[in-house]
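Below you'll find the structure, written out as structure tokens, and then a few comments.
The values are calculated or read from the model by the stated rules, or taken from the named source; none is laboratory data. All values reported here derive from a predicted model rather than from experimental measurement. Quick reminder, even Gly has a Cβ in these numbers, built from the backbone with ideal geometry, and neighbours come from all protein chains shown. What goes into the accessible areas is simple: the full protein's heavy atoms, side chains included, and nothing from ligands, DNA or RNA. Shrake-Rupley method; radii C 1.70, N 1.55, O 1.52, S 1.80 Å.
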Amino acid sequence: MRELIRGWVTAACREWSYPNVSEPYFDAVYERLPVGVRTLVASGHRDGLIKPVGGYRFTLQGLPPGKGPYAWVSRNVQAQAPAINWEYLIQAAEYARVYGTLSHKGYLIAVEDRLMDITVSDPDGALRWYIEVKERAIDIPGLVDRIGTYGHEGVELNAPDRGNDALRKAKYLIQYRPAYLSISAIGLRRDFQVAYAAGNRFALIDDMVPLI
């Protein structure tokens, strides 16, 4: 995994005419990623689920035309060093984990599908599982609480949601009605069954997703 990171960053520095980064940069990136994330991303490359596109971009096995490629790093002109796109690392790890486990069972796994980060659907396209990806584990409890509050009170589908991530996610649940929701970040994943009720209401029930 460390060599993958080194390759992405080196390629970006070369393309953007940034100076070469020092070893402490690579140490900090590598150490922030837990072993499971590193293993999933590395094995995803090995197994062909994560496909390199050029030096620092990638696509994913099974994605339809028009999706991707995505970039592992972004420009940071002020620092003159590439900025790691942490959410893509989590998204790619989750995708590799879910795709490798469920695709042979006939499930359809998609990225950025119906405005959701990762979806798992039945062969007929019926949505079963929605996976939302965040960078920081510390942000998940508050997000879950706010989504749950909207579900308890009833979701107003026409309410403005600009800058209101929890309301936006609650709307997705009501619109597409997946049976399961997971919210994943570096070092944390919360899994829920979603129980729907009248009046655009729902409850998030801590549970295990039985598809895997």
### Summary
By accessible area (1.4 Å), largest first, E156, E23 order as E156, E23
### Summary
The correct ranking of H104, H45 by accessible area at 1.4 Å, largest first, is H104, H45
### Task
Compute the distribution of all C-alpha to C-alpha distances in the chain, in bins of 5 Å from 0, and list the percent of pairs in each, rounded to whole numbers.
1, 7, 14, 17, 18, 15, 12, 8, 5, 2, 0, 0
### Query
lysines within cross-link reach of K171: Cα-Cα under 22 Å, excluding same-chain residues under 8 positions apart?
K134
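Tell me whether the stretch 101-206 comes out rounded, prolate or oblate; compute the Cα gyration tensor, take square roots of the eigenvalues as a ≥ b ≥ c, and use a/c under 1.5 as the rounded threshold.
oblate
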### Query
Can you list the residues, at least 5 places off or on another chain, whose amide H is less than 5 Å from the amide H of N76, using H built in the peptide plane?
A81, A83
### Query
Can you give the accessible area of V209 in Å² (nearest 10), computed on protein heavy atoms with a 1.4 Å probe?
20
### Task
Provide the solvent-accessible area of E112, counting protein heavy atoms only and rolling a 1.4 Å probe, rounded to the nearest 10 Å².
80
### Message
Please report the carbon-and-sulfur percent of the accessible area for the stretch 12-165; probe 1.4 Å, protein heavy atoms only, DNA, RNA and ligands left out.
### Response
51
## Note on the structure
Taking every other residue with Cβ under 13 Å from the Cβ of F58 and scoring Lys and Arg +1, Asp and Glu -1, one gets +3
### Query
Using a ≥ b ≥ c from the Cα gyration tensor of the stretch 146-212 (square roots of the eigenvalues), is it rounded, prolate or oblate, where a/c under 1.5 gives rounded and otherwise the larger of a/b and b/c decides, a/b for prolate?
oblate
### Task
For the stretch 121-131, just list the computed ³J(HN,Hα) in residue order, Karplus coefficients 6.51, -1.76 and 1.60, θ = phi - 60°, integers in Hz, with x standing in for Gly and Pro.
10, 5, x, 8, x, 5, 5, 10, 9, 10, 10
## Note on the structure
If amide H atoms are modeled at 1.01 Å from N in the peptide plane, then the residues at a separation of 5 or more from Y107, or on another chain, having amide H under 5 Å from its own are none
### Task
Quick one: angle between helix 23-32 and the longest Cα principal axis of the chain, in degrees between 0 and 90, rounded to 10, please.
20
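Quick check: with the 1.4 Å probe, what order do L127, L108 take by accessible area, largest first?
Ranked list, largest accessible area first: L108, L127.
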